[in-house]
1. Output yes when any residue across region 244-265 is more than 28 Å from Thr201 (Cβ to Cβ), of a type in the set (Ser, Thr, Tyr) and in a loop (DSSP other than H, G, I, E, B), and no when none is.
2. Need the failing condition index for Val187 against (1) in the same structural domain as Gln320 (by TED's automatic domain parsing); (2) β-branched (Val, Ile, Thr); (3) in contact with an Asp or Glu (Cβ under 8 Å, 6 or more places away or on another chain), just the number.
3. Among residues belonging to region 66-78 that are in a loop (DSSP other than H, G, I, E, B) and modelled with pLDDT of 95 or more, point out the one that is surrounded by the fewest Cβ atoms within 10 Å (Cβ to Cβ).
4. Take Ala263 and decide whether it is under 27 Å from Ala76 (Cβ atoms), of a type in the set (Gly, Ala, Ser) and modelled with pLDDT of 95 or more.
5. Quick one: Glu216 ticks every box in (1) modelled with pLDDT of 95 or more; (2) surrounded by fewer than 20 Cβ atoms within 10 Å (Cβ to Cβ); (3) assigned to a strand (DSSP E or B) bar one, so which box is it?
6. Would you say Ile240 is surrounded by 19 or more Cβ atoms within 10 Å (Cβ to Cβ), out of contact with any helix residue (DSSP H, G or I) (no Cβ under 7 Å at 6 or more places or on another chain) and touching a residue at least 24 places away in the same chain (Cβ under 8 Å)?
7. Within region 59-78, how many residues are touching an Asp or Glu at 6+ places or on another chain (Cβ under 9 Å) and within 21 Å of Val93 (Cβ to Cβ)?
Amino acid sequence: MFLNRRALKWSATLVLILSTALLAQKKDDKKQDDKKSEAQKRDLPEIVKIMDAAATGQLPNDFGLAWARADFLKAANNLEYVPFTVQYDATKVTTPAVAFYWRVVAQNAGASATLTLPAAKKDDKDKDKKAPPPSKYAYENLTYITPGGGAQARLSRPFTVMAGTYDVYVMMREQSSAAKNAAAPKVSVIKQTVTVPDLWTQDLTTSSVIAASHIEPLSAPLSPNEQLERPYAALGSMEITPSLDGKFTTKDELSIFFLIYNAKTDAMNKPDVSVEYNFYSKPAGAPEKFFNKTAVQSLNASTLPKEFDMSLGHQLSTGQGVQLTSFPAGDYRLEVKVTDKLSGKSITRDVNFSVTAG
C-alpha cells in the first residue's frame, strides 16, 4: 500500500551555511553592544554569578524552564551545528525584557570552539590594555528576548561545537529594575547533557531527522542576527518548526526533513542515493506491524539539479510530506532507510510519532 504524499521542495544546492550566522554574528557584537541599555549592562555581572552558581548545582526555576529537543547538522570547519529548543511559562514573567543566556561546557577538554561575550566599548585611554581572554567554554552567548507564547512558550537558539559530550546550561532572568525596593528578578536555570555526533567521518550518515509541525517558505534571506534567533530557518529556503512531542492529528501532514552526508559521488560529483519511508503501527501490548510506505525517492544525476556538485560543498537534503488522513489513531514508527548505491552502504533512522482523531 502506497501513501499519498507530497515531495517537499528542499533546496538541493544547500551550501555549508549552518555556522555562517554564528560567525557573522560575532562581527555584529560591537553594534549590538552599543545598543545595550544600561540595565542590560548592569545585569551582566549578576548573570555571570548565576551561571557560575549553576555549575555547583544551584538551579532555580521560576519559569518552569525545560529542555525540549536538540538537532545535529554539519556546520563548517569540522564543526557541528546544534539548534535546540526550550519551553517555559511566559505568564510568570513580569518584565518586558528577559535575558537569555546559554553556556556549553565540554566534558572533553579537547573540544575548544569558543565564542566570547561582547566586551564593553573601550575609551582611547584603554587602548593599551590587553584584550580579554577568550571564553573557556565551548560556546556561550547572551541575548535579550521579549517573552510571549503563554504557559507553553518555546524558544530556539543554536551553538556550534566539535563532536563530543557537553553540559549545556540555559538561563532566563528578568531584567533588573532601577527602582528602590524592587522585587528580585525571577530566574530559571537548567542543565542538559548533550552528546554531539561526529558527522565529518567518511561513513554514510545523516543529520537529525526532523519531524516538523510547520514548514514555511522564507520570503527573503535572513540577517545573521535573525538566523541566530531563528536557527531552524538557517537550513535553506524554508523555516522549520520542529514538533516537540511527536503528536499529530489525522488532519495534519507529517513533514520530514534531513540531510544526507558522506555519500559517494560519480564522475559528475553527484551521488546515487535512494530513500525509503516505511511506516509501522505500534498497537498497545502487541508487536509492531507494517502499516504502509511511500514511493522510493531517488537522488542522482537524473533527479538532482544540473548545477548540483558535492565537490563545491553542496549538501544533499531531502524530505517527505505525508497526509495522516488514512492513519488510524495510535502510535507509529517511521523507518527511514538511506542507501548509497555507489558504495553499497545503507543506514536507517527512526521517527516515533502518534496520531489522534482530528
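The values are calculated or read from the model by the stated rules, or taken from the named source; none is laboratory data. Keep in mind that this is a model prediction, so the values were computed, not measured. Heads up, the Cβs are rebuilt from the backbone with ideal geometry, glycines too, and the neighbour counts pull from every protein chain shown.
1. yes
2. Unmet condition: (1).
3. Phe72
4. Yes, satisfied.
5. Result: Glu216 fails condition (1) only.
6. Judged against the criteria, Ile240 is not a match.
7. Of the residues in that region, 5 qualify.
Residues are listed down the side, and each one gets a yes or a no for (1) more than 20 Å from Ala97 (Cβ to Cβ); (2) of a type outside the set (S, T, N, Q); (3) in a strand (DSSP E or B):
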position: Tyr144; (1), (2), (3): no, yes, yes
position: Arg154; (1), (2), (3): no, yes, yes
position: Phe159; (1), (2), (3): yes, yes, yes
position: Tyr166; (1), (2), (3): yes, yes, yes
position: Arg173; (1), (2), (3): no, yes, yes
position: Ser177; (1), (2), (3): no, no, no
position: Ala184; (1), (2), (3): no, yes, no
position: Ser188; (1), (2), (3): no, no, yes
